[in-house]
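Here the structure comes first, spelled out in structure tokens, and everything after it is commentary.
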């Protein structure tokens, strides 16, 4: 896998540096509700300041506005960043998506972002799969480098694409096979076992596009309706009543999946085993999270719901790497080149 040159190779003393960070955080009541992504951006920003950068301008998108929208202004994000990193050399630019040219990778938008800057650092792995003005366009205009978070994401995820310790177990869940088919084919073909839960498992029973046989649930927690308080039934998969919905993997499957994960030396998990937002359908996802946390293995968790699960259950510090990437993680593990990475010269 191609390695972009690192910010550690840049001479930043006295320079004005534009940093593309991932500050796309949830807001509640005009305040940052979860500052995880802001915190993840701090090592690169601190590195630049400690090495004498004259100015650090941080840009990011926030939400998906179609143009200027006060609900997606960066002011609350900037306020929280300055609480965590109180340095007058740092300023947060307005939401990149307020500029309609951002998502079109418009050269003029990229030129406006880069105006007056000496260097560009991309630290937004979560947006590196997008060829936008702030992730790809400006990297063609300024000397470009990878930030510390981007660098570490590539290193950790890249380990899954190289020689791994075996057994290697891939755990996949969620709603749609199509969303993860590339990873299931590319990474799953390298794995010793692929465990599939969630709605995806039903799809694979109906039509299986995989070049290998995945391990699917043998029992489920079924519900009479898609409601948190619906009547439920724990049953073998083949005995689910007509019209009922499988909303979680059953206890037999939980034990089997957990045993495979605990016996692994390398694990990648992306996607919940059921509708884990509802407590009665969360046990499968909890069982996977607990197994990943207790495995004597190199463990990687990616995808918003899987990450949320390990964090809410208090297992985050027992996982080798929690990826901030989402779609970028999946595309990298599919074997695709990410535009935001490709635009940075190789090390």
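Every read-out reported here was derived from the displayed coordinates using simple, explicitly stated rules and does not represent laboratory data. Everything quoted here is computed from the prediction, not taken from an experiment. A quick note on method: Cβ atoms are made from the backbone with ideal geometry, for glycine too, and the neighbour counts reach across all protein chains shown.
Annotations for the structure displayed:
- The C-alpha atoms of the chain define a longest principal axis, and helix 251-262 lies at about 50 degrees to it.
- Relative contact order (%) - the chain, alpha-carbon pairs under 8 angstrom, separation at least six: 18 percent
- Crossing angle, helix 36-50 versus the chain [Cα axis fit, 0-90 degrees, rounded to tens]: 30 degrees
- If both residues of a DSSP beta bridge must be in region 7-152, then about 10% of such bridges are antiparallel.
- Estimated translational D of the chain in µm²/s (Stokes, Kirkwood radius over Cα pairs; 10 °C; 1.306 mPa s): 74 µm²/s
- Compared with the alpha-carbon gap, the fully stretched path from residue 82 to residue 155 is longer by 23.4 nm at 0.36 nm per residue.
- Per-pair calculated FRET efficiency, R0 = 51 Å: residue 218 and residue 50 via Cβ, rounded to 0.05: 0.40
- Percent of Cα pairs exceeding the 22 Å cut-off, where the set is region 138-217: 40 percent
- Given R0 = 22 Å, the distance between the Cβ atoms of residue 262 and residue 313 translates into a calculated FRET efficiency of 0.85.
- Residue 106 paired with residue 75, simple spin-label distance in nm, labels 7 Å along Cα-to-beta-carbon: 2.5 nm
- Per residue Cα convex hull volume in Å³ - calculated over region 244-347: 126 Å³
- Where labels lie 7 Å past Cα in the beta-carbon direction, separation of residue 39 and residue 337 in nm: 3.6 nm
- Across region 163-334, the relative contact order, built from alpha-carbon pairs under 8 Å that are at least six residues apart, equals 23 percent.
- Between residue 8 and residue 296, the contour length at 0.36 nm per residue exceeds the alpha carbon distance by 100.5 nm.
- Divided by 2.2 N^0.38 Å, where N counts the residues, the Cα radius of gyration of region 7-152 comes to 0.96.
- Among beta bridges identified by DSSP and lying wholly in the chain, the antiparallel ones come to about 25 percent.
- Largest to smallest principal axis extent of the C-alpha atoms in region 184-331, angstrom: 40, 35, 28
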